[in-house]
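Trainee: This is the structure I want to talk about, given as structure tokens.
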Amino acid sequence: MAAVKFDDIKKHFAGKKFSPVYLLNGEEDYLIDVITKKFENEILDESQTEFDLHIYYGLDLKKSVPYSFNDVIKSCTAYPLTGSHQVIIIKEAQNISKWDSLELYAKNPVQSTILVICYKYGKVDKRKTFYKNIEKTGVIFQSDPLQERQYPAWIENYLKEQKYKINPTALRFLLDAVPRNLNLIVNELQKLVLNIPQGNEIDEKDIADYIGINRDYNISTFQKAIIERDVVTTQKIVNYFNENSKEFPIFKLMYPLLYFFNKLLLYHALVSNRFPQNELANRMGIAPYFINEYVTASRHYSYSKTVRIIEILREFDLKSKGVGGSFENSELLNEMIFRILH
């Protein structure tokens, strides 16, 4: 069977039609954990798990203590004691180096067994016979890190499943506050879910109250002021950043600005083609509702000015790393912003 997506596996549960082998692999561990929990909790009821749910760990299998691959194969080839299926889960399979036994089993798996292999923080080599056998008899899920443009929709969908909405400004605040890691993002979203009644629309005040960012002085408001070429507001925020340089070192501000102005350069190159906004956003690799930021910025920063700003940002990125001498954070930030806005 071809590689499947997360939603495809959810359909297996909805239809209660399962493959005999699932290989969950990839660098994004959050989705692997979510799927593993579904196999652990949603196929067998509580009375069945004692007899027909078996969990093994890759590191223990590697050491053959307290169990071995022979024990796993015996479990896989046995018949369920309480229902139509048994579930065998191998967690932390990335610690396994030799797959010979599982390779043979995957060639002809038992249909009443659901074997789930959880290989996190990397991918199984597709050239291995083990992988090729599962391709033929089972299901392979590859959990890749999201691209930058996918995070807004992912967060919105997650909140929608929890019966919440989030407004675009709050979403921007949240994206600026969290690292690009789904486990960490979900931890922050849970703070909102636990404190806000279902059905509400999450706004920027909620992000400030429960995620813990300053509503007026943060990377989002800083970038918005620059986009609008609002010199007074930008300088107020810069002053705040200078007073709180441990929280807002210049290198922390550099990435979002470089990202934005590189995308603005692309906007200038594409806008003359008169693409519909959704198509334009897709070609730029951004979420559609952020396109208006680029429309606004393009009125204040021409193509040539945008090129110059990118050069300025790269120059100060090097300076912030000590190239050309030692500089105070405030000295660099003040000069950089002055040159961007004037």
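The values are calculated or read from the model by the stated rules, or taken from the named source; none is laboratory data. Computed from a predicted model, the values in this text were never measured in an experiment. Note that each Cβ is placed from the backbone with ideal geometry, even for glycine, and that neighbours are counted across all protein chains shown.
To keep it simple, each residue is scored yes or no on (1) touching a residue at least 40 places away in the same chain (Cβ under 8 Å); (2) closer than 19 Å to residue 256 by Cα.
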position: 176; (1), (2): yes, yes
position: 179; (1), (2): no, yes
position: 183; (1), (2): yes, no
position: 188; (1), (2): no, no
position: 193; (1), (2): no, no
position: 201; (1), (2): no, no
position: 206; (1), (2): no, no
position: 212; (1), (2): no, no
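Trainee: Please give the strands (runs of 3 or more DSSP E) falling wholly within the range 73-148 in which 1 or more residues are of a type in the set (A, V, I, L, M) and within 18 Å of residue 55 (Cβ to Cβ).
Mentor: 86-91, 113-120
Trainee: Can I ask one more? Is it the case that the range 292-300 has a residue that's more than 30 Å from the chain's Cα centre (by Cα) and either free of Cβ contacts under 8 Å to residues at least 12 places away in the same chain or assigned by TED's automatic domain parsing to the domain that holds residue 232 (or both)? Steps first, answer last, please.
Mentor: In the first step, residues of the range 292-300 are kept if they are more than 30 Å from the chain's Cα centre (by Cα); the result is 299-300.
Those still in the list that are either free of Cβ contacts under 8 Å to residues at least 12 places away in the same chain or assigned by TED's automatic domain parsing to the domain that holds residue 232 (or both) too: 299-300.
The answer is yes, given that some residue of the range 292-300 is more than 30 Å from the chain's Cα centre (by Cα) and either free of Cβ contacts under 8 Å to residues at least 12 places away in the same chain or assigned by TED's automatic domain parsing to the domain that holds residue 232 (or both).
Trainee: Can you say whether residue 240 is in contact with a Gly (Cβ under 8 Å, 6 or more places away or on another chain) and touching a residue at least 12 places away in the same chain (Cβ under 8 Å), as far as the supplied structure shows? Break it down into steps so the answer makes sense when it comes.
Mentor: Values: in contact with a Gly (Cβ under 8 Å, 6 or more places away or on another chain): no; touching a residue at least 12 places away in the same chain (Cβ under 8 Å): yes.
No; evaluated as a whole, the condition is false for this residue.
Trainee: Please go through the range 1-23 and give me each residue that is of a type outside the set (Ser, Thr, Tyr) and assigned to a loop (DSSP other than H, G, I, E, B), ordered by number.
Mentor: To start, the set of residues in the range 1-23 that are of a type outside the set (Ser, Thr, Tyr) comprises 1-18, 20-21, 23.
1, 2, 3, 5, 16, 17, 18, 20, listed by residue number.
Trainee: Out of everything in the range 50-79 that is farther than 22 Å from residue 103 by Cα and in contact (Cβ under 8 Å) with a residue 24 or more places away in the chain, what residue ends up being farthest from the chain's Cα centre (by Cα)?
Mentor: First, the residues of the range 50-79 that are farther than 22 Å from residue 103 by Cα: 50-52.
Filter once more, keeping what is in contact (Cβ under 8 Å) with a residue 24 or more places away in the chain: 51-52.
Details: 51: 36, 52: 33 Å.
Among residues in the range 50-79 that are farther than 22 Å from residue 103 by Cα and in contact (Cβ under 8 Å) with a residue 24 or more places away in the chain, the one farthest from the chain's Cα centre (by Cα) is 51.
Trainee: Okay, moving on. Suppose the filter is surrounded by 12 or more Cβ atoms within 10 Å (Cβ to Cβ) and either over 26 Å from residue 241 (Cβ atoms) or under 18 Å from the mean Cα position of the chain (by Cα) (or both); does residue 194 pass it? Even if it seems obvious, please write down each step before you answer.
Mentor: Values: surrounded by 12 or more Cβ atoms within 10 Å (Cβ to Cβ): no; either over 26 Å from residue 241 (Cβ atoms) or under 18 Å from the mean Cα position of the chain (by Cα) (or both): yes.
So residue 194 fails the test.
Trainee: Separate question: Residues that are of a type outside the set (A, V, I, L, M, F, W, C) and surrounded by 16 or more Cβ atoms within 10 Å (Cβ to Cβ): does the range 272-283 have at least one?
Mentor: First, the residues of the range 272-283 that are of a type outside the set (A, V, I, L, M, F, W, C): 272-274, 276-279, 282-283.
Among the residues that remain, those that are also surrounded by 16 or more Cβ atoms within 10 Å (Cβ to Cβ) are: none.
The answer is no, given that none of the residues of the range 272-283 is of a type outside the set (A, V, I, L, M, F, W, C) and surrounded by 16 or more Cβ atoms within 10 Å (Cβ to Cβ).
Trainee: Does residue 255 meet the test of being assigned by TED's automatic domain parsing to the domain that holds residue 235, surrounded by fewer than 19 Cβ atoms within 10 Å (Cβ to Cβ) and of a type in the set (Ser, Thr, Tyr)? Write out each step before concluding.
Mentor: Numbers: assigned by TED's automatic domain parsing to the domain that holds residue 235: yes; surrounded by fewer than 19 Cβ atoms within 10 Å (Cβ to Cβ): yes; of a type in the set (Ser, Thr, Tyr): yes.
Spelling it out, residue 255 is indeed assigned by TED's automatic domain parsing to the domain that holds residue 235, surrounded by fewer than 19 Cβ atoms within 10 Å (Cβ to Cβ) and of a type in the set (Ser, Thr, Tyr).
Trainee: While we're here: Quick one: count up the residues across the range 208-252 that are assigned to a loop (DSSP other than H, G, I, E, B) and of a type outside the set (Val, Ile, Thr).
Mentor: First, pick out the residues of the range 208-252 that are assigned to a loop (DSSP other than H, G, I, E, B): 212-218, 228-230, 244-249.
The next check asks that each one be of a type outside the set (Val, Ile, Thr); those that pass are 212, 214-218, 228-230, 244-249.
Looking only at that region, the number is 15.
One line per residue, one yes/no per condition, for (1) within 20 Å of residue 23 (Cβ to Cβ); (2) of a type in the set (Asp, Glu); (3) in contact with a Leu (Cβ under 9 Å, 6 or more places away or on another chain):
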position: 47; (1), (2), (3): no, no, no
position: 52; (1), (2), (3): no, yes, yes
position: 58; (1), (2), (3): yes, no, no
position: 64; (1), (2), (3): no, no, no
position: 67; (1), (2), (3): no, no, yes
position: 89; (1), (2), (3): yes, no, yes
position: 97; (1), (2), (3): yes, no, no
position: 104; (1), (2), (3): yes, no, no
position: 110; (1), (2), (3): yes, no, no
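Trainee: Here's something else I'd like to know. Can you report the number of residues in the range 314-342 which are aromatic (Phe, Trp, Tyr) and either touching a strand residue (DSSP E or B) at 6+ places or on another chain (Cβ under 6 Å) or touching a residue at least 24 places away in the same chain (Cβ under 8 Å) (or both)?
Mentor: Total satisfying the criteria: 1.
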